[in-house]
Every structure is written in structure tokens, then in C-alpha cells.
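Inspection log for the structure reproduced underneath, given as C-alpha cells.
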Amino acid sequence: MNRKTDFRYKNELVLLGVFLVLFIIFSIASKHFLSLTNVMSLFSQMVELGLLTLGMAASMISGGMDLSLGALTSFCTVMLSVFIGKLFLPEGAAFFIVLAIAILFGCFNGFLVGYLNIQSMLATLGTQSLFKGLGLVISNGVTVGIPNTQFAVFGRVKLWGFFPFQIILLVIAAVIAIIIFNRTMIGRRIYLIGSNPTVAKFAGINIKKNIFFTYVFSACMGFIASLVFTSKISAGRSDVADPLLLKAVCASVFGGVSSLGGIGNISAALCGVAVITIISNGLDMINASSYLQQVVIGGLLLIVLAFRHARKK
Amino acid sequence: MKNILKSKGRELLLAAVILIIGIIVTTITPAFFSVINITSILYGNAIMGIMAIGMMMVITTANVDISVGSIFAVCNMICAAFVKATGGTQSVLAIIIAMAVGCCLGLFNGLLVAKLNIPAIVVTLGSMNIMRGAIYYLTDGAWIDGLTGPFVKVASRRILGVQEAVWIWVAVIIITYFILYRTRVGRNVLAVGGNVEAATRVGISKTKTYLFAFGYLGALVGLGGALSAAKLKIAQPSNGIGYEMQLIAAAVIGGTEFSGGVASIAGTVLGVLLLGVIDNALVLAKVPVYWQDLATGIIIVLAVASDALKFIISQNRRRAG
């Protein structure tokens, strides 16, 4: 029993170890790092990246890569802000309309990749421009603000005065994703499709339907992330989530999710999120140049890949 | 005739679309079909066109390089720094330096992709971050401006009424055509892209082929970075962000297949021109710039979706027949 668990969650253990080591290093290096405020802000910084990583890991496990996820999230922030800030719709109505739009966009991706059988990177590259363009056209390229209302719950409310509410959102989404991918038939099918579509086909799996589901799932994660973004900055912008797209790919790869499909755990990808976030936050705390973060994250990505390759041999 | 239509259908379609857009725009503003506007479209897209040819080469090997924007910025800055230091007297040397740097960065990508056996998008994602971060870190985000000397005339100098950058683009097209269809390494690119297993079985080196494709792309991106420095007389470390998407889009719209093995030089050129003409048309029609991304997106989705539909229909027909 123990040996089996060890094997299955090895990536998680390694990443959590790295996280702890970094945590100790940064605590020593910066006197501001180890404070309740910063640790809480560290966790709340994980939320948007974590949500996008859930969607990204899902599409990567299915053997693709949803490059439109960042643009979709940004587009949702624009729509939320337009509905609430400009058209003065009730927040609940805006919530459901934008959720419907996000699902529709996910369906469109799923249709292109699943039913038309277009390479996922190619299809989502197109829809990335499409969603970004729509966001730009609707927002006229400017930030659309929303009034400070109860929408704040998704990004700015702190429970008991210190615990950011959005962490709960991430935890719920993560639990659902882990259950779907590790405990349900549909999750197992997506794994099989990712690792070998031909075998999956002969096993009688409806590839089209399951791929379709993956992209709808990814879009839903993008929608939840857009709630956090919109609430956090009280506004929507058509490029707000762009930088997180590639970070989400990095986090997934750190977690052992292969872009060839079929390999990796959702929970390990989340540990990857933790590592990336603590690097950004810690380097900020020791006043390192923000440019350096990019070098460190990119370098780590290549080192992790090289290390895995060496071990496989 | 039928054969030409069949084999060059994509290129003819693209040319027709460009013409139709041109005719529509002419009804709004007669300026479109003027010699000045046409040369300015060619000049405006020459740098993108040069780099898109390189991207086509990498996509033909069934890979992709998303670090091109960062390579562009690095070459752009290094070239500008060299020009600034020498006062712009060594034009050829400046371009060679930029191309050599780009080539080395490309080779680095190619080596990692070939040796680590990992999808190129993930590898180049890493190198993209490293290069972009490094160039920001080293320059502290500062621009290099006020470039002077003979160098700044390199791109815009006119030969036979057309800017030199356009002639360089033409030269790159001819050289690439020669490499791809008349040399062994070009054939290897097509073979490895079509089927890696089969190609390595007959003794073609995957590593060497990848190194060539990525190095070629890097050198062309370096050339683009040098020409951009000459054209704009300024270089900044944020240059080139988002280029990867535009270059991939141009190649794919032109009929280069993402799964590898099929290249179209003429298609890539037309793909760049189509995107450029649409941008130009939107400007002439006084449409806000925000519509450009949307237009690009619609075209990419239409192009790939129509390919997919064509494939599905042809398969169904084969099954029925």
C-alpha cells in the first residue's frame, strides 16, 4: 500500500519538498516573507494561476493544449465588467450570462478539436485571436471598471479578517477536477484518449464527446478565474490573463503533465502552481528584478525537462 | 489546368481573397491599388515575411518555435548596440552579427528539441522566457535609439523603386525554394516532417535536420531584427512580443501543415500578405485597430476549419466509393 502511494504521488512529494525548501530560503533571505499577510497573499496569488492550470492540465492530459484559455478568461472579465459596469445588469444575471458565453466558447473549441479533428494547438491559436479580438472590440481596448459592490466576494473579501475567500474557490474547483480526472469514467477515458487515441477508439470510447467535454471544462475554469480577476481589480481588460497562459503550461509541466497526453496528475500540476507562485512572490520579497523571475521560471522548466529525460533513460 | 488548380488551389484561393479585399477597399478608398500603397504594403510586411519563411521551415519538420519573439528582441538589441557603438558604418557586419546570434539561439532550441524528445512548444516556451527575461535584465528595459550612419538606410534604400527590405525578402524566398526542393537537407526537412520514424530508418539524422530548421529560422529572425533596427532606427527589449502567433498564423493560412511534411513557400508569402492587406484595409477604411485581432482570428479559424472539413469530406467520399 505504502509503496504504491509513494509511486503514484512522487511528483507531488518532490514539488512540495521544493516548495518547502524555497519557503525556508525566502524566510531567511527576507524578513517580510514570513508574515501572516504575506503568506496569505502568497496563497491568494495562486488562485488565478491555479484555476487556469486546472483547465490547461485537463487539455494537456487529453493530448492537446488549450492556448485560448488566457484570452477566454480575459474576454470573460470584459463581459462581466460591461454587463455590470455599463449595462447595469444585476450581478447574478451577469454571472449566468457570462458563464453561458464561456461554455459556448468552450463548446466552439471542443467542436473544432473534437468533431473537426483539428490539431488542438492550431484550433485554439485561432480562437485565441478570435476571443482576444472580440474582447478588444467590445471594450474598445480600454479597461472597463465596475462599481465596488458585492462582486468583491470573489477577489477581495477576507474571511475572519485575514483569509482570502478566493482560496476556497480554488480548493472547490481543484477537488472537483481531481475527482473528475482520478475517480470517474470520463476522466479515465480522457487519460486513455490522451495516451493513445487509436486504442481508445477501438475500446469503444467516443473520442469526440470526451474531447468536447475537456474543452468545456477548461472554459469553465477560465470563467471562474475571470470572476477572481474582475473582482480583484474591479475591472475587466482584454489582456489581463495573457501572462498566465504560459505560466499555466509551465506549472502543468512541472507537475509532470506531458503535452503528449495521457500522463500526469491534476494534483501534481497544482503543486507546480505552488512552486511557480512562491518563486515569483519570494523574488519580489527579496527585491529581485521582475525580469529575473522570467529567466528563473524558464530555466527551471528546461532543467526539469532535461532531468526527467535523463531519468527516463 | 485541372492539376494546377488542384495542387495550387490554396495559393490561388489566397491570391483571389487578397484581390477581392483589394477591390472592395478600392471602392471605399481609391488609394489601395496605387503603386505607392502596394509597395508600402510589401515594405511593411517584408520583415514579417522573411521570418515567416523560417517559421514555415520549422513547422514543416512538425515542430514549432514560440520563442521567435524573444530571439527577435535579442538580435534587435544586439544589432542596435553594435550599430550605436560603430556609428552605423559597418552595415554588413551588423546584419551578420544579428543573424549569427539568432542562428545560435535557434540551434540551442533545435538541440534541446531533438535531444530531449519533448514537444517543441514546451521547450521553446522555456527558452522564450529565458531570453526575454535576460534581455530585459541586461538592458534594464532601456531603449537604444538615435541610430545613425549608412546602416539605417539598409532597409529603406530603394532599388528600382522598391525598398531594399523587399528585395531581401525576395532573395530569402528564392534561397529557401532552392534549399527546400533542390538540396539534400531540404528533402530531409520534408522527409523528417512527414514521418520521423521512416526518415530515421533510411538514415536521415533527425538531430541534424532539426538543428538546420531551427538554426535557419533563428538566422532569418536575426535578419528581421537587424532590418527592423535599420527601419525604425530604434530598438527596445519589448519588441517582438506576440510575433510567434502571427508567424505561425501566416504559415498555416498558407497551407503549411502543422503535422509536418508539407511546406508551401508561395502560400506562406500570400499568408503574410493576406494578414498585412487586411490590416492595411482596416486602416484605410478607418476601422479601429481593435478589429485587427478579430479579423486575424476569424481567418485562422476559417482556414483550419475548411481544411478539416475538406479532409473529412474526402474521407467520407473514399469510404462511399
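The values are calculated or read from the model by the stated rules, or taken from the named source; none is laboratory data. On a predicted model such as this, the values are computed, not experimentally measured, just so you know. Cβ: placed from backbone, ideal geometry, glycine included. Neighbour counts: every protein chain shown.
In the set A:Leu99, A:Leu125, only one residue is in contact (Cβ under 8 Å) with a residue 12 or more places away in the chain, more than 10 Å from chain B (Cβ to nearest Cβ), within 20 Å of the chain's Cα centre (by Cα) and assigned to a helix (DSSP H, G or I); that residue is A:Leu99.
Only one residue in B:Ala251, B:Ala320, B:Ala235, B:Ala230 is modelled with pLDDT under 85, at negative phi and not β-branched (Val, Ile, Thr). Which one?
Numbers: B:Ala251 fails: modelled with pLDDT under 85; B:Ala235 fails: modelled with pLDDT under 85; B:Ala230 fails: modelled with pLDDT under 85.
Checking each option against the conditions leaves just B:Ala320.
Quick check: anything in the range B:285-303 surrounded by fewer than 21 Cβ atoms within 10 Å (Cβ to Cβ), more than 14 Å from chain A (Cβ to nearest Cβ) and touching a residue at least 60 places away in the same chain (Cβ under 8 Å)? Taking every residue of the range B:285-303 in turn, at least one turns out to be surrounded by fewer than 21 Cβ atoms within 10 Å (Cβ to Cβ), more than 14 Å from chain A (Cβ to nearest Cβ) and touching a residue at least 60 places away in the same chain (Cβ under 8 Å). Given the criteria touching a helix residue (DSSP H, G or I) at 6+ places or on another chain (Cβ under 7 Å), surrounded by 24 or more Cβ atoms within 10 Å (Cβ to Cβ) and within 12 Å of chain B (Cβ to nearest Cβ), does A:Ser289 qualify? Criteria not met by A:Ser289.
Screening the candidates B:Leu160, B:Leu180, B:Leu93 for the property of being of a type outside the set (Gly, Ala, Ser), more than 21 Å from B:Ala226 (Cβ to Cβ), out of contact with any helix residue (DSSP H, G or I) (no Cβ under 6 Å at 6 or more places or on another chain) and away from every other protein chain (no Cβ under 14 Å) yields one hit, B:Leu160. Only one of the listed residues (A:Ile138, A:Ile180) is in contact (Cβ under 8 Å) with a residue 12 or more places away in the chain, away from chain B (no Cβ under 14 Å) and not charged (D, E, K, R). That residue is A:Ile180. Taking the criterion of being away from chain B (no Cβ under 14 Å) and either without any contact (Cβ under 8 Å) to a residue 40 or more places away in the chain or among the aromatic types (Phe, Trp, Tyr) (or both), the only residue of the range A:102-115 that qualifies is A:Leu104. The residues of the range A:144-174 that are surrounded by fewer than 17 Cβ atoms within 10 Å (Cβ to Cβ) and closer than 14 Å to A:Leu80 by Cα, listed by number, are A:Gly145, A:Pro147, A:Asn148, A:Thr149, A:Gln150, A:Ala152.
Within the range A:59-69, can one find any residue that is part of a helix (DSSP H, G or I), in contact with a Cys (Cβ under 7 Å, 6 or more places away or on another chain) and more than 14 Å from chain B (Cβ to nearest Cβ)? Walk me through how you get there before you give the answer.
In the first step, residues of the range A:59-69 are kept if they are part of a helix (DSSP H, G or I); the result is A:59-61, A:69.
Those still in the list that are in contact with a Cys (Cβ under 7 Å, 6 or more places away or on another chain) too: none.
No, the conditions are met nowhere in the range A:59-69.
Here's the yes/no breakdown for (1) of a type in the set (S, T, N, Q); (2) more than 25 Å from B:Gly242 (Cβ to Cβ); (3) without any contact (Cβ under 8 Å) to a residue 12 or more places away in the chain:
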{"position": "A:Ile224", "(1), (2), (3)": "no, yes, no"}
{"position": "A:Leu227", "(1), (2), (3)": "no, yes, no"}
{"position": "A:Ser238", "(1), (2), (3)": "yes, no, no"}
{"position": "A:Lys247", "(1), (2), (3)": "no, no, no"}
{"position": "A:Ile276", "(1), (2), (3)": "no, no, no"}
{"position": "A:Gln294", "(1), (2), (3)": "yes, no, yes"}
{"position": "A:Ile297", "(1), (2), (3)": "no, no, no"}
{"position": "A:Leu302", "(1), (2), (3)": "no, no, yes"}
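Using the structure shown, decide if B:Leu147 is facing another protein chain (nearest Cβ under 10 Å) and buried (at least 20 other Cβ atoms within 10 Å of the Cβ). In short, no. So, in the range A:240-256, of the ones that are outside any helix (DSSP H, G or I) and not β-branched (Val, Ile, Thr), which residue ends up nearest to A:Thr53 (Cα to Cα)? Top of the filtered list is A:Gly255. Within the range A:76-93, residues that are of a type in the set (Asp, Glu) have Cβ atoms under 7 Å from residues that are assigned to a loop (DSSP other than H, G, I, E, B) in these pairs: A:Glu91/A:Thr149, counting only partners at least 6 apart in sequence or on another chain. The sole residue among A:Ser252, A:Ser234, A:Ser226 that is of a type in the set (Gly, Ala, Ser), surrounded by fewer than 23 Cβ atoms within 10 Å (Cβ to Cβ) and within 30 Å of A:Leu134 (Cα to Cα) is A:Ser234.
In contact (Cβ under 8 Å) with a residue 12 or more places away in the chain and surrounded by 15 or more Cβ atoms within 10 Å (Cβ to Cβ): is that true of A:Ile118 in this structure? Judged against the criteria, A:Ile118 is not a match. Among all positions in the range A:261-273, there is no residue which is within 14 Å of chain B (Cβ to nearest Cβ), under 18 Å from A:Leu22 (Cα atoms) and surrounded by fewer than 19 Cβ atoms within 10 Å (Cβ to Cβ). Among the residues of the range B:95-113, just one is surrounded by fewer than 23 Cβ atoms within 10 Å (Cβ to Cβ) and of a type in the set (Gly, Ala, Ser), namely B:Ala100. Scanning the range B:226-283 for residues that are closer than 29 Å to B:Ile96 by Cβ, within 14 Å of chain A (Cβ to nearest Cβ), surrounded by 21 or more Cβ atoms within 10 Å (Cβ to Cβ) and among the small types (Gly, Ala, Ser) yields a total of 4.
Look at (1) under 17 Å from B:Met57 (Cβ atoms); (2) within 14 Å of another protein chain (Cβ to nearest Cβ); (3) of a type in the set (Phe, Trp, Tyr) and you find that B:Tyr136 fails only one, number (1).
Listed conditions (1) away from every other protein chain (no Cβ under 14 Å); (2) at pLDDT below 90; (3) surrounded by fewer than 24 Cβ atoms within 10 Å (Cβ to Cβ) are all met by A:Phe212, apart from (2).
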